[in-house]
Amino acid sequence: PKKRHNATTMSDGVFQFSTKVVGCVTSPLHIMNCFVWNCQGLGGPGTVRQLCEMIRTHNPSLVFLIETKSGKRRADSLKNRLNMYEIHVDAIGRSGGLLLLWNKDVRASLLSYSSAHIDILVYQDDCLWQFTGFYGHPDAESLSSSNWLLRDFRAVLADTNLHDLGYVGPKYTWCNNHEYPHTVRCRLDRGLADARWRSLFPSAQVSHLSSTYSDHYPLLVELAPRPQPQHFTHNRPWRFEAFWVKSTECEEIIRESWNTSRASSLNQDLWQNLESCRLGLLTWSKKYFAQHHRRIHFLECQLAELKRGPLSAFAKRQCSVLQSELDCSLRDEETKWRQRAKVAWLCEGDANTRFFHACASSRLKRNTIHRLKDRLVHGKINNMTLN
């Protein structure tokens, strides 16, 4: 007989996220991560850009978005960008809206939904999950419609003897973003599990991720540690990056490098000018853009550190400066991957998503030699990539 295990995360009157494992093998083939975020609207390109970046980084199997403030059109657009399946509840006017997405490793069956929740059964390998995403109305007048659900849910938590899983990351998960000294911060979101579920997933943890476009921090539930990726070093050809043209220094370097040649012929002069530009841009790019992804991570960490630190007017100004730098870096990252995707119908504004990364990475497969063979020796060479 299958044993029942319970796990849930919840928040006090903002949103709830719960899962129940009905039956599961001890070593499932695909460990599921769950991502929950009250994004406060999917209309802004910055919000979508950061959402896609977090999904690409953490690769969750389930994504539950609250307060999307949108309907079917934006849900379909985001589903196609992320290459995931979706269930959505339309916003009422300019408030509310729910969106649940899951990837192709998961099979889901809808149980029920309303303007305040989405409830599904999730089949993964030999695991059966019940996933319930709940949205508690933020205004006092609407809280009465969901308070009875909260009371029943808390009664279930008490009956099942669930315990707080703790958290990793910032201490607070919500901030009203008011000017100091009127700033209010608190921890609304929690991860809960019973003893049997914790023994089934002893390494499970709840992480509070940083957010710059919403009052709420995202919640990431990892059932097992992620394996460290293997990195292979090999020389890559140098290419001009499209986002460099946004920098005034790029134009200056090209102008200075182009006028340094003293060749005797036109062909030599052209070649030397191109080579001089290449070397100048290479040196400049290594200095300012070599660790571009680390720069994004650094800015996100700095923002999170400021938001969890002491409240002050200076910290508020610093957050605005870092937010502006992060927006610029994310736009450059989007441009870089759009250039590598080489898809003709891409237009300005398409976000940096898993689809574009797949387009850019798929060319590596076409440039890979799987086996070499001659008349005398038969052999295999794996993971050889043509530059």
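The values are calculated or read from the model by the stated rules, or taken from the named source; none is laboratory data. Quantities reported herein were computed from a predicted structural model and do not represent experimental measurements. Cβ sites come from the backbone with ideal geometry, for glycine too, and all protein chains shown count toward neighbours.
For L150, indicate whether it is within 18 Å of A193 (Cα to Cα), modelled with pLDDT under 70 and over 27 Å from the mean Cα position of the chain (by Cα).
Judged against the criteria, L150 is a match.
Could you check segment 87-103 and list, in sequence order, the residues that are of a type in the set (K, R) and either part of a strand (DSSP E or B) or crowded, with 21+ Cβ neighbours inside 10 Å (or both)?
Going residue by residue through segment 87-103, those that are of a type in the set (K, R) are 94.
Correct list: empty.
Out of P138, P225, report the one residue that is at pLDDT below 70, assigned to a loop (DSSP other than H, G, I, E, B) and farther than 26 Å from V106 by Cβ.
None of the other options fit; the residue is P138.
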